[in-house]
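What follows draws every value from the coordinates through simple rules; no lab data is involved. As the structure is a computational prediction, the values presented were derived from the model and not from experiment. When we count neighbours, we look across all protein chains shown, and the Cβ atoms used for this are built from the backbone with ideal geometry, even at glycine.
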Amino acid sequence: MQSISLGIGFIAVTTLVVIVGDLLLKMAADRGLTAVSALVVLGIVLYGISALLWFGAMRHITLGQAGVAYSMLTLVALALIGATVFGERLGLREVAGIGCALTAMCLMVRVE
């Protein structure tokens with residue numbers, strides 16, 4: 001179980017790093033900055049770091065487990081950011097989707 005927890009921890013940090021990178025790239029795009037601006041370069045560096053974290057995750061869990069966990073965490077994080085930062089409403093369909101993602105993650109976890 002410790003290995004699975006470690007793998008999910010890597011995925012959680014990977015998700016956070018990717019989301020920060022995405023936000024930096026979105027800010028750069030909205031400001032009309034060039035591809036060599038500090039925000040774009042930092043976003044790209046964060047993507048590179050996320051690849052190393054992804055590698056760490058795959059040492060502890062299967063690729064399928066990593067994919068489901070990453071997708072679920074990204075879905076939840078972006079839904080929360082949309083609701084809190086951009087004032088988007090979470091309707092029944094979105095809440096059901098989050099529930100399905102959580103269920104998928106539970107089904108994919110192998111306890112050995």
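Suppose every Lys and Arg Cβ carries +1 and every Asp and Glu Cβ carries -1, with no other charges. What dipole size does the chain come out with about its Cα centre, to the nearest 20 debye?
Charge dipole of the chain: 40 debye, to the nearest 20.
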What is the extension gain from A83 to A51, computed as 0.36 nm multiplied by their sequence separation minus the C-alpha to C-alpha distance, in nm to one decimal?
-> 8.7 nm
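Please give me, ordered by residue number, the trypsin sites (Lys or Arg not before Pro) of region 25-112 that lie in loop per DSSP and have at most 16 other Cβ atoms within 10 Å.
Working: sites: K26, R31, R59, R89, R93, R110; in loops: R31, R59, R89, R110.
Hits after loop and neighbour filter: R31, R59, R89, R110.
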If r is the Cβ-Cβ distance from V76 to I44 and R0 is 25 Å, what FRET efficiency results, to the nearest 0.05?
-> 0.50
Can you tell me the FRET efficiency between A29 and I98 if r is taken as the Cβ-Cβ distance and R0 is 30 Å, rounded to the nearest 0.05?
-> 0.65
